Amino acid sequence: MSGLRPAGPSRDRIATQSCVTLALLLVLGTSKLVGQEIHQGFGLGVAVPAGDYGQTHGSGPLAQFSILFGGADKRLRLRVDAEGVWFPGHIPASALSSTSGDLRILSGIANLMIGPRTSGARPYLLLGAGPQWVSVTKVPNPYGSVIGTRAGLGVEGRLGNWTVRAEIAAHAVLSDFATGHDYGLGAYWPVAVAIQF
């Protein structure tokens, strides 16, 4: 365990710098989004645990509600997601008290969507961050809300009056709660398909 401790402050510093950079991009980006069209969306998918989460939990369902600012004529758009994921536990409850049981994560994520202007199928890059609330069945979380960061790729296109999008991302939960390790890092792959109105 002691060999892992020096990495903690460094990881925290990198995470803080990443969040500050993303916040600045969001502030600069949203100044161009004021007054733009707004779209609501709903998505379903699967969340695949990775790293420390992957050792103690299985893949589970994911649900999103989204508000998107800006249309296909914009290279830079802001999307705000309310997201919930559930990872079923697959180890005996006596193994590790901080990791046993089902893992649930509720998130509020502000995302930048960066892509070309086009009326056809549109690929995009997704960069996001926001607060998350992590809970494990019958285990109190001493940290409260924590920060999550996300980077991914997606594609969207028109289907009648709707826009359909599919995306995959790498997501990091900046907390060692439910990882079973000091300075552990929770991570998962959210894969979602969504309809935007």
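Tabulated results
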{"read-out": "Solvent-accessible area of residue 78 with every protein chain in place, 1.4 Å probe, in Å² to the nearest 10", "value": "20"}
{"read-out": "Rounded FRET efficiency, nearest 0.05, which uses the C-beta distance separating residue 193 from residue 106 and R0 of 22 Å", "value": "0.60"}
{"read-out": "Protein-only accessible surface order, largest first, of 57, 181 at 1.4 Å", "value": "181, 57"}
{"read-out": "Those residues of the range 161-191 whose amide nitrogen sits under 11 Å from the label point placed on residue 72, 7 Å along Cα→Cβ", "value": "161-164"}
{"read-out": "Cα-projected label distance for residue 137 with residue 182, points at 7 Å along beta-carbon direction, nm", "value": "3.0"}
{"read-out": "Residue 121-residue 65 FRET efficiency (beta carbon distance; Förster radius 25 Å; 0.05 resolution)", "value": "0.55"}
{"read-out": "Cα gyration tensor category, rounded, prolate or oblate, for the range 75-197 with a/c compared to 1.5", "value": "prolate"}
{"read-out": "Calculated FRET value between residue 147 and residue 40, using beta carbons and R₀ = 25 Å, to 0.05", "value": "0.50"}
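The values are calculated or read from the model by the stated rules, or taken from the named source; none is laboratory data. Not measured: the values here are computed from a predicted model. Virtual Cβ from ideal backbone geometry, glycine too; neighbours counted across all protein chains shown. All accessible areas refer to the heavy atoms of the entire protein, side chains included, with ligands and DNA or RNA removed. Shrake-Rupley method; radii C 1.70, N 1.55, O 1.52, S 1.80 Å.
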